[in-house]
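Here is the structure we will look at, set down as structure tokens.
Just so it is clear, none of the values below were taken in a lab; they were calculated from the coordinates. What you see is a predicted model; the values in this text were computed from it and never measured. Every residue, glycine among them, receives a Cβ derived from its backbone with ideal geometry; neighbour counts consider all protein chains shown.
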Amino acid sequence: MNRLRIDPGAFDAWSALPVYFQEQSPFYVEGDVATPTAFIELIGHGIVAEAEVLLVETTQRPDDRYWLEPSVATGVYSLVDLLALDFHHPLLRLGTYDEATDYDTLKRLWDEGYRVPSRRWSRSAYEAHLARERQFEHRVSPTTVCAYCALDLSDFYGPLANRLMEYHIDADEEMWVCPTCHKALHYK
Ligand SMILES: [Zn+2]
Ligand SMILES: [Zn+2]
């Protein structure tokens with residue numbers, strides 16, 4: 001396991017992590033990892049943080065004001081210090097990684113995957129894609145009909161519609177699409 005998993009229903013991680021990150025104070029998370037750093041996953045959401053593990057203990061649950069329910073059970077707990085926290089990281093989306101994703105891949109996605117829309121992109125591939133499309137930014141679209149959803153933007157925006165259309169390039173296809181579809185195409 002390369003992740004420490006927190007159930008946000010049992011521990012108020014949304015409140016706790018920003019505070020502990022800002023204060024640079026270590027805190028305990030249930031479980032342990034065998035990797036150089038630990039990724040912290042909120043169950044049902046995704047990875048929100050990378051942490052250094054300071055020590056691992058088998059103990060009764062350590063006190064922490066962010067636990068949402070009482071427990072006296074004994075377990076394995078890692079004392080962690082947050083290295084990075086991001087509640088908007090792409091790895092926060094389900095489906096961007098799975099049980100089989102190894103540490104090196106997670107580390108790369110965490111470090112380089114910043115703001116890429118889906119797992120098919122590396123940061124450099126996504127930046128290259130946007131750079132290619134940016135070359136067409138000055139061009140005004142010859143059409144106001146989205147090649148993807150068939151919406152005619154001129155129905156809503158009149159003469160502005162041509163300038164709202166965006167140029168999307170896929171390996172084999174080039175098309176004029178509406179901004180929403182363009183965003184959606186990048187998420188695929
Ligand atoms: Zn569209
Ligand atoms: Zn595009």
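Highest GNM mean-square fluctuation among D81, D172, D102, for the chain modelled with Cα contacts below 10 Å: D172. Once the Cα atoms of helix 103-112 and of the chain are each reduced to a long axis, what angle between those two axes, in degrees from 0 to 90 to the nearest 10, is obtained? Roughly 50 degrees between the two axes. Between D155 and D102, the modelled labels are 5.1 nm apart [label points 7 Å from Cα along Cα→Cβ].
Of the three principal axes defined by the Cα atoms of the range 84-168, the extents in descending order read 50, 24, 22 Å. Between L164 and A84, the modelled labels are 3.6 nm apart [label points 7 Å from Cα along Cα→Cβ]. Annotation note: chymotrypsin sites (Phe, Trp or Tyr not before Pro) in the range 148-188 located in DSSP loop regions with a Cβ neighbour count of at most 16 within 10 Å are Y148. As a proxy for reagent exposure, ranking M1, M175, M165 by other Cβ atoms within 10 Å from fewest up yields M1, M175, M165. Rounded to 0.05, the FRET efficiency of the A125 and A10 pair, given R0 = 30 Å and the Cβ-Cβ distance, is 0.20. Mean residue ellipticity at 222 nm, helices only, the chain: -7500 deg cm²/dmol; runs of at least 4 DSSP H residues each add -39,500 (n - 2.57), and the sum is divided by the number of residues.
Annotation: the residues V56, V48, sorted from fewest to most other C-beta atoms within 10 Å of their own C-beta, follow the order V56, V48. Nearest 0.05, what FRET efficiency do S71 and T180 give at R0 = 41 Å with Cβ-Cβ as r? Step by step, r from the Cβ atoms, then E = 0.35. Computed from phi, the 3J(HN,Hα) profile of the range 72-77 under the Karplus parametrisation 6.51, -1.76, 1.60 (θ = phi - 60°) reads 10, 5, 8, x, 8, 10 Hz, with x in place of Gly and Pro. Listed from fewest to most Cβ neighbours within 10 Å, the set T58, T105, T96 follows the order T58, T105, T96.
Sequentially through the range 42-57, phi angles give Karplus couplings (6.51, -1.76, 1.60; θ = phi - 60°) of 8, 4, x, 10, x, 7, 10, 7, 10, 9, 9, 8, 8, 6, 10, 9 Hz, Gly and Pro residues having no value and appearing as x.
Across the chain, the mean sequence separation of Cα contacts (distance under 8 Å, 6 or more residues apart), normalised by length, yields a relative contact order of 16 percent.
Entry for the range 123-187 at q = 0.14, 0.18 Å⁻¹: log10 I(q)/I(0) = -0.38, -0.62, Debye formula applied to identical alpha-carbon scatterers, no solvent contribution.
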